[in-house]
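J.: Take a look at this one; I'll ask things after.
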Amino acid sequence: MLAFAYSRSEMVHDALVVLAKMKDLSFQPSILTCNSLLYNLRCTDHLWNVYDEIKSSGIPPSEFTNSIFIDGLCRQSRLQDAVSFIQETEGKEFGPSIVSFNTLMSGFCKMGFVDVAKSFFCMMLKCGLRPDAYSYNILIHGLCIAGSLEEALEFTIDMERHGVEPDVVTYNILAKGFRLLGLMSGAWKVIEKMLLKGVNPDVVTYTILICGHCQMGNIEEGFKLREEMLSRGFELSIISYSVLLSSFCKSGQIDEAMKLLYEMEGFGLKPDLITYSILIRGLCKVGEIQRAIQLYKEMCLKRIFPNSFSHGAILSGLCQKGMISQARMYFDTLTKSDLTEDIVLYNIMIDRYAKIGNIGKAVQLYKQIIEKGITPSIVTFNSLIYGFCKNRKLDEARGLSDTIKMHGLVPSVVTYTTLMNAYCEVGNLQGMLKLYQEMEAKALEPTCITYTVLIKGLCKKQRLQESVQLLEDMYAKGLAPDQITYNTIIQCFCQAQNMRSISIT
DNA sequence: ATAGGGTTAG
């Protein structure tokens, strides 16, 4: 009991001391205690030791033992070991359980390998196991994160067909999937369906919707939903607050954001690393670097330790203020001392160099990444492509497509949009449209910026009707045009001296 | 003891 209590209270060290004593006295701990310990050490190097210890001690494992072990392997990114383990346990007393498979699928999804996860879904069926709501939700989530919304929806239908009712988690996952693509009208349809099915929204649902409003720049609607939430007896979570905070920060209303921070603290909610990172970024964005550093220190005093998010906030703050040499100094100390070589920090720096047209420095940092054996991300390449485009080196920019493939990466909407913009700038409408078709063929959803580039390209060739049609397409999709979209169209009509059509919307 | 909501670079 003592060992169990220690373990449950995450006092793992004490638990281990008690267990060692027990071993001296030849007392056997219960499997409950062992599992709890295995669970608490699942992210550490002790995972194997504890597991081997259980195996050799003769304590009969429970059905949970194996799935906890698999979870540990997945969390340590040892997916291959997890797969081998599942294969070994097949046919044994506690062979692969649904939970084991679900854990494994979740592990693969988190690493971005949805296809592999799907193959385990099939394997599960072959083992005679019936996927449960977790199995479906894990896959649907993985697909949504990967942007394959259509397939996620197909899986949802499949789920219903097999008698597993989509629950609040399923609907939340789908709503977020639409939100991620900026398609809020789709998200609302998901919620409608959910209500129709008699499934009640929860705090997560509200948070996704508030986030959607905020993302569309409509903080007011976000706050209205918050009122509705409160009137229905829900309490705001740290995350709901963070969404609202973030929205204020994005629109530069930093004092409003700080007010929310004090409000949440007043309710006894403790801001976490993400909340602080949002605020630090917000302060940097409006140029208040000193206040940002002050908050950063306050966070450290509360024993919340900065990660690359908070560092990235300060770094991009310095960059945005045009303090490029200070930014570089900060960057150098971070990359020299930090054990984790985060690609995001490199990306921020590379992007800044690209933005100011210093492609030389950008390429230099890229080479440094490769030398250090750090894997570049698609963002790294997008920034480099931007840099080349800005310097009118379109061939070099396009040439990077092969390098992207070489690294096993996939061009994103941003890759396409950046290149399309470059073609648009040099007046190559055909080149731009060809890229757009290629993008569509890969089922990549165009963003507001993609549409704006398309509109700009068409406007340049006086194809006004088509550009207005694109604007209509955006409305139909629930994709919000921004100021630049409107400015582009207005400017174009002005140039065509067609002042009346401006009221077309 | 397996699933869902918030921050980053384009």
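Values in this text are rule-based calculations from the coordinates and carry no lab data. Because the structure is a prediction, the values reported are computed rather than measured. Methodologically, a virtual Cβ is constructed for each residue, glycine included, from the backbone with ideal geometry; neighbour enumeration extends over all protein chains shown.
J.: Excluding residues on the same chain fewer than 8 positions from A:K285, give the aspartates and glutamates whose Cα lies under 18 Å from its Cα.
T.: A:K285 reaches A:D255, A:E256, A:D351.
J.: Given a cut-off of 25 Å, what percent of all Cα-Cα pairs of the stretch A:249-382 lie beyond it?
T.: 29 percent
J.: What is the extension gain from A:K321 to A:K21, computed as 0.36 nm multiplied by their sequence separation minus the C-alpha to C-alpha distance, in nm to one decimal?
T.: Full extension from A:K321 to A:K21 adds 102.0 nm.
J.: Can you show me the helix-derived [θ] at 222 nm for chain A, built from DSSP H runs with n ≥ 4 at -39,500 (n - 2.57) apiece and divided by the number of residues, rounded to the nearest 500.
T.: After summing the helix terms and dividing by residue count, I get -23000 deg cm²/dmol.
J.: Take the Cβ-Cβ distance between A:N428 and A:K270 as r, set R0 to 41 Å, and report the resulting FRET efficiency rounded to the nearest 0.05.
T.: 0.15
J.: If contacts are Cα pairs under 8 angstrom and at least 6 residues apart, what is the relative contact order of chain A in percent?
T.: Value for chain A: 6 percent.
J.: What order do you get for A:164-173, A:308-317, A:101-110, A:252-261 when each peptide is scored by the mean count of other beta carbon atoms within 10 Å, highest first?
T.: A:101-110, A:308-317, A:164-173, A:252-261
J.: Could you give the length gained on full extension between A:S62 and A:K297, defined as 0.36 nm per residue of separation minus the Cα-Cα distance, in nm?
T.: 80.0 nm
J.: With +1 assigned to the C-beta of every Lys and Arg and -1 to the C-beta of every Asp and Glu, and no other charges, what is the dipole magnitude of the stretch A:399-459 about the Cα centre in debye, to the nearest 20?
T.: Taking the Cα centre of the stretch A:399-459 as origin, the dipole is about 20 debye.
J.: If you consider only alpha-carbon coordinates, what radius of gyration and Dmax does the stretch A:409-505 have, in Å?
T.: 13.1, 46
J.: Specify the angular offset, from 0 to 90 degrees and rounded to the nearest 10, of the alpha carbon long axis of helix A:219-231 from the longest principal axis of the alpha carbons in chain A.
T.: Helix A:219-231 sits at roughly 30 degrees to that axis.
J.: What full-extension length gain, to one decimal in nm, is calculated for A:S377 and A:E438 as 0.36 nm per residue of separation minus the Cα-Cα distance?
T.: Residue separation times 0.36 nm, minus the Cα-Cα distance, leaves 19.9 nm.
J.: Using a Förster distance of 45 angstrom, determine the FRET efficiency expected from the C-beta separation of A:F305 and A:E192, and round it to 0.05.
T.: Efficiency for this residue pair is about 0.60.
J.: Sticking with this one: Eight or more residues apart or on different chains, and alpha-carbon atoms under 20 Å: count the Lys pairs in the stretch A:1-131 matching that.
T.: Count of close lysine pairs: 6.
J.: In nm, to one decimal, how far is the modelled label at A:S185 from the one at A:D45, with both set 7 Å along Cα→Cβ?
T.: Rounded to a tenth, the inter-label distance reads 5.7 nm.
J.: Shape of the stretch A:189-235 from its Cα gyration tensor (a ≥ b ≥ c, root eigenvalues): rounded if a/c is under 1.5, otherwise prolate when a/b > b/c, or oblate?
T.: It is oblate, given that a/c is not under 1.5 and a/b is not larger than b/c.
J.: Could you tell me the relative contact order of the stretch A:405-505? Use alpha-carbon pairs under 8 Å, at least six residues apart, and round to a whole percent.
T.: 23 percent
J.: Pick out, in residue order, every one of the trypsin sites (Lys or Arg not before Pro) in the stretch A:1-101 that is DSSP loop and has at most 14 other C-beta atoms within 10 Å; say none if there are none.
T.: Those satisfying the criteria are A:K92.
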